[in-house]
Amino acid sequence: MPLCSASHVLVVSPVQQEITSDQAPEVRVVDFGVIGPGQKLEIQMQRPTGEKAKNIAYEQEAVWDKLFIIPEALPFGWQSIDSLFYEEPLKAFVIASPEATDGIYEFSLKTLDESEGVEPLIFRGSVRVSRQLLEVSVEPATARAGVGQPAVFLIKLKNKSSASDAFRISALGLPTEWRYTRDAFVAHNSETTVPYEVAAGEAGEYSLKLKAVSLSSAAIQAEAQANLVARSSLLDDLKASTHGILLFPSVEQVVYSLLGLLANLVA
């Protein structure tokens, strides 16, 4: 890339956009997408400035050394973390207030070149706050297991936020409270699938609510419906044992695993 008199900023995550110093200040805006209340937005920026270093004898492109979030320009209740010096890429963070209502918010960022003579470049960031950022789906729609044995559901979590987040999965709908939870990390604008086990202590058919809640804010959550059929039969107990043994002593686990494998083969 040829060096020129205008510096630039190359944002690479969670969106990709270039801002240049010869743009009017009012158009130096990066739309970072949508985040939820309490979520942490990570902003990554490449270090090259696009300008020649002025304080050295030979031609070399100057680099940015730090990315700042201007504190006084943050919305009320929001927080920020500046990048480290010299990291590649530069990474700064904006943390939405847990009480942020849905809407559009703006903040300001500033670059720093310590010693190569490039003037700081100030630009604005824009985000939309929403609580509708998570989708949950489950397979199979109905799972069967013996009483006291774990049935495995595959939970798909789709994170529609520009902020990566962790979510806690739980189940409701059993006659006694099911205390097992599982946490899953989902990168921004992506999805992941995790196995989740549920067991019933009594025979019956149960309509379950499989729920995922953001660890950043309980306001960000979603759920899906599934059914669990718990039967008191030796064949079902053996099938379920291939997912793991909850109550059997360890000395018997190998035997029950083999029996479980045979039970699934004959079914």
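Table for the structure above
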read-out	value
Search result, residues across the range 17-32 that are touching a Leu at 6+ places or on another chain (Cβ under 9 Å), farther than 14 Å from residue 44 by Cα and among the β-branched types (Val, Ile, Thr)	20
Unmet criterion (only one of (1) assigned to a loop (DSSP other than H, G, I, E, B); (2) modelled with pLDDT of 95 or more) for residue 111	(1)
Close pairs from the range 113-142: first closer than 13 Å to residue 39 by Cα, partner acidic (Asp, Glu) and assigned to a loop (DSSP other than H, G, I, E, B), Cβ under 6 Å, at least 6 apart	129/102; 130/102
Output for the range 79-113, where each listed residue is crowded, with 19+ Cβ neighbours inside 10 Å, more than 19 Å from residue 16 (Cβ to Cβ) and β-branched (Val, Ile, Thr)	95
Matching residues in the range 154-184 - criterion: being part of a loop (DSSP other than H, G, I, E, B), of a type in the set (A, V, I, L, M, F, W, C) and under 27 Å from residue 12 (Cα atoms)	163
Top-ranked residue of the range 152-194 - restricted to ones that are surrounded by fewer than 16 Cβ atoms within 10 Å (Cβ to Cβ) and of a type in the set (S, T, N, Q), ranked as farthest from residue 141 (Cα to Cα)	190
Output for the range 16-28, where each listed residue is under 30 Å from the mean Cα position of the chain (by Cα), loosely packed, with under 15 Cβ neighbours inside 10 Å and among the hydrophobic types (A, V, I, L, M, F, W, C)	27
The range 131-153: number of residues that are in a loop (DSSP other than H, G, I, E, B) and not small (Gly, Ala, Ser)	7
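Per-residue answers, yes or no, for (1) surrounded by 21 or more Cβ atoms within 10 Å (Cβ to Cβ); (2) assigned to a loop (DSSP other than H, G, I, E, B); (3) among the hydroxyl-bearing types (Ser, Thr, Tyr):
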{"position": "41", "(1), (2), (3)": "yes, no, no"}
{"position": "49", "(1), (2), (3)": "yes, no, yes"}
{"position": "54", "(1), (2), (3)": "no, yes, no"}
{"position": "59", "(1), (2), (3)": "no, yes, no"}
{"position": "62", "(1), (2), (3)": "yes, no, no"}
{"position": "67", "(1), (2), (3)": "yes, no, no"}
{"position": "77", "(1), (2), (3)": "no, yes, no"}
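The values are calculated or read from the model by the stated rules, or taken from the named source; none is laboratory data. Everything numeric in this text was worked out from a predicted model, so none of it was measured. FYI the Cβ positions are ideal-geometry reconstructions off the backbone, even for glycines, and counts take in every protein chain you see.
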